[in-house]
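Participant: Here it is: the structure, laid out below.
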Amino acid sequence: MSTINEEQFLELYDKYITKIYRYIYFRVGSKQVAQDLSSEVFLRTWNYLKQGKDIGNFSAMVYQVCRNIISDYFRNISELPISLESISEKKIEAEGQELTHLVEKSLEIDKIKQEISRIKPEYQDLIIWHYIEDFSVREISEITEKSEGSIRTSLSRALAALRRVMEEGG
Amino acid sequence: MTEKELIEKLSQLKNEEPDQNWVLFCRQGLASKIRGLAESQPAVQKLNIAQIWSFLGHITFNKAFRPVAAFLAIFGLVLSSGLFTLAKAKDSLPGDRLYSVKIALEQAKILTTTSPEKKADLQSQIMALRLEELTKVVEKQEPMNVKQPKVEEAVGNLQRQMMLVKDELPKLDNANTGAKKKVEVAKRIDNNASQAEQTLSQVRAIMPSSETNNLAERIAEASDTASKTGTKALEMMVGEQGEAESGISQEEIIANLGQKIQKTGEKIKTLGQAVSSNSATSSQFYINAAIILDQSDEALIQARASLDKNDVAGALETLKAANEMVSSAEKLVGSAVPSEESSDADGSTKPIDSNASSTSGILPQDSVADSGQSSTTFIIIYSSNLNLE
């Protein structure tokens, strides 16, 4: 893909926005921040495309832009995205009312998000891309510019790391 | 916890979706920003064989057929069916048994046309045919459950054909087509696109839509494509104006652009009425639609100002931005508006008046008046996303 007009770019936006948002949200833990950063990703990608550079794979490129933006974001903040305190507050509130299946599920999902944020950023990316966004090893290799063998090894380590963190968390 | 259990837990996170309201709003903001940041270059579209062969899929030909094999199949059909069948096929409509033969013959004609201007002209003629088919299908006296899918198919066919027409226009730039010929083709396309918008607007008003069909959405998409096709044709005319013997004057272009601005203004007004007359205006969809309509109104004011200064290019760019905003607002309103019945149960519908003025609207006017909903004031939160300078 070497040249692209606005209409084509907006079609790419339609195609990728949900996945990009979801990836960023799981990395940063806040919907508001994920919305802001997602918007920034597309704007930055457009600027890059209009410099006339030839890009081989749009998907790989846009996720690389995502990673850079997320790194920039974390450089500027220090607090955890989803705090354990906020999870316990929810639990206490729920126990005061009737603890429904939906509330339980919501707490469980919050916990998984929290645990993901506790492993290394590279592992977080791999977990989100492969197990949530269903990216293949080949696709991840194109984004990270690492070999498929290396990705497979890292995936296995990422899953092991997440299991450890979840077991420690209880 | 086993690995399998962990992977199962992770898969629950796939359900996390962004707020659709935000997705549309963000898209709108992005469209405005990128227009302000860079000039757009028309995409040089390669002829998409897949688009053409998707029609042949109707007659259960294998998708792997190459053009030569397709010609053989079509000629075989001609030889075996006879002239009588071909004559019948010419008058067929969506849903008829011979309709796919009609489409196949059109595609064969396109493939044998080599000159870009003749191809663009032919695609434009086919677009007029699709429009005629839509009108006939809507006016046919049939039960609604039989008519509805045919209307949907006709709208889909029109939409696809308009996209093909739109794709042909940039090819005229690449070929050594004279200015006069380009303008002639562009004028015909613009005319057809304008007719298409009118007809679609009337179809929307008289056909019912419900949650079980996609008709309203298809009509909105086709309307959007018609508007973009007309604008693209006008862009070509603007590009050629000033060339010797182009056959188009600055006054003609200004008049055409003025009409398009007016049409967009009418759409904004109708959408605005739909938003303000709905009692559920606390809905985020309506609030965001109102904000976007506000911005598109401002864009139109700027477009008119540019036109008054004879800045045709500037007016056209701003009009395109306004149309994108209106399209986003339509989607937001469409997401929030409940379905309305607007025709008789026995399928009789009013005839389409091709000479009537455009009355584009999300809701038929009757249903708005009869709903008994009083207008509700709402607070418009002004967004400074848009940079129109």
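Every read-out reported here was derived from the displayed coordinates using simple, explicitly stated rules and does not represent laboratory data. As the structure is a computational prediction, the values presented were derived from the model and not from experiment. So basically every Cβ, Gly included, is an ideal-geometry build from the backbone, and we count neighbours across all protein chains shown.
Participant: Going by Cα centres, the range B:180-244 and the range B:152-174 are how many Å apart?
Facilitator: 10
Participant: Separate question: Sticking with the crude label model, points 7 Å out along Cα→Cβ, report the distance from B:Asn145 to A:Tyr48 in nm, one decimal please.
Facilitator: Those two pseudo-labels are separated by 5.3 nm.
Participant: Mind running the shape call on the range A:6-75? Use the C-alpha gyration tensor, a ≥ b ≥ c as the square roots of the eigenvalues: rounded below 1.5 for a/c, prolate if a/b tops b/c, oblate otherwise.
Facilitator: Note, shape of the range A:6-75 comes out prolate.
Participant: Sticking with this structure for a sec: Please list 3J(HN,Hα) in residue order for the range A:58-69, calculated via the Karplus relation 6.51 cos²θ - 1.76 cosθ + 1.60 where θ = phi - 60°; whole Hz, with x for glycine and proline.
Facilitator: Along the range A:58-69, the couplings run 4, 4, 4, 5, 5, 6, 5, 4, 4, 4, 5, 5 Hz.
Participant: Here's something else I'd like to know. For the range A:6-75, what's the relative contact order in percent, using C-alpha pairs closer than 8 Å and at least 6 residues apart?
Facilitator: 33
Participant: Considering every residue in B:5-17, what mean count of other chain Cβ atoms within 10 Å of its Cβ is obtained?
Facilitator: Mean partner-chain Cβ count within 10 Å for B:5-17: 6.
Participant: Of the peptides A:123-131, B:114-122, how do they stack up when ordered by the mean number of other Cβ atoms within 10 Å, highest first?
Facilitator: In decreasing order of mean packing, A:123-131, B:114-122 become A:123-131, B:114-122.
Participant: Separate question: B:Glu8 to A:Asn57: FRET efficiency via 1/(1 + (r/R0)^6), r the Cβ-Cβ distance, R0 22 Å, to the nearest 0.05?
Facilitator: 0.15
Participant: About the Cα centre of the range A:6-75, how large is the charge dipole given +1 on each Lys and Arg Cβ and -1 on each Asp and Glu Cβ? Please answer in debye to the nearest 20.
Facilitator: Around 360 debye, computed over the range A:6-75.
Participant: Additional query: Using only atoms on other chains, find how many Cβ atoms lie within 10 Å of each Cβ of peptide A:41-51 and report the average.
Facilitator: Per residue, the average neighbour count from other chains is 3.
Participant: Show me the ranking of peptides B:306-318, B:192-204 by mean Cβ neighbours inside 10 Å, starting with the highest.
Facilitator: Result, highest mean Cβ count within 10 Å first: B:192-204, B:306-318.
Participant: Of the peptides B:271-278, B:290-297, how do they stack up when ordered by the mean number of other Cβ atoms within 10 Å, highest first?
Facilitator: So the peptides B:271-278, B:290-297, ranked by packing, come out B:290-297, B:271-278.
Participant: What list of ³J(HN,Hα) values in whole Hz, one per residue of the range A:28-43 in order, does the Karplus curve 6.51 cos²θ - 1.76 cosθ + 1.60 (θ = phi - 60°) give from phi, with Gly and Pro shown as x?
Facilitator: 9, x, 10, 5, 5, 5, 4, 5, 4, 5, 4, 4, 5, 4, 5, 5
Participant: Determine the shielding of peptide B:21-29 by partner chains: average, over its residues, the number of Cβ atoms on other chains within 10 angstrom of each Cβ.
Facilitator: Partner-chain Cβ atoms within 10 Å, mean over residues of B:21-29: 4.
Participant: Please list 3J(HN,Hα) in residue order for the range B:283-290, calculated via the Karplus relation 6.51 cos²θ - 1.76 cosθ + 1.60 where θ = phi - 60°; whole Hz, with x for glycine and proline.
Facilitator: 5, 4, 4, 5, 4, 5, 4, 4
Participant: Normalised by the number of residues in the range B:138-294, what is the relative contact order in percent for Cα pairs under 8 Å and 6+ residues apart?
Facilitator: The value is 26 percent.
Participant: Using a simple spin-label model with points 7 Å from Cα along the Cα→Cβ vector, what separation in nm is obtained for A:Glu167 and B:Gln273?
Facilitator: 6.8
Participant: Could you give the length gained on full extension between A:Asn68 and A:Glu122, defined as 0.36 nm per residue of separation minus the Cα-Cα distance, in nm?
Facilitator: This chain segment gains 18.2 nm when fully extended.
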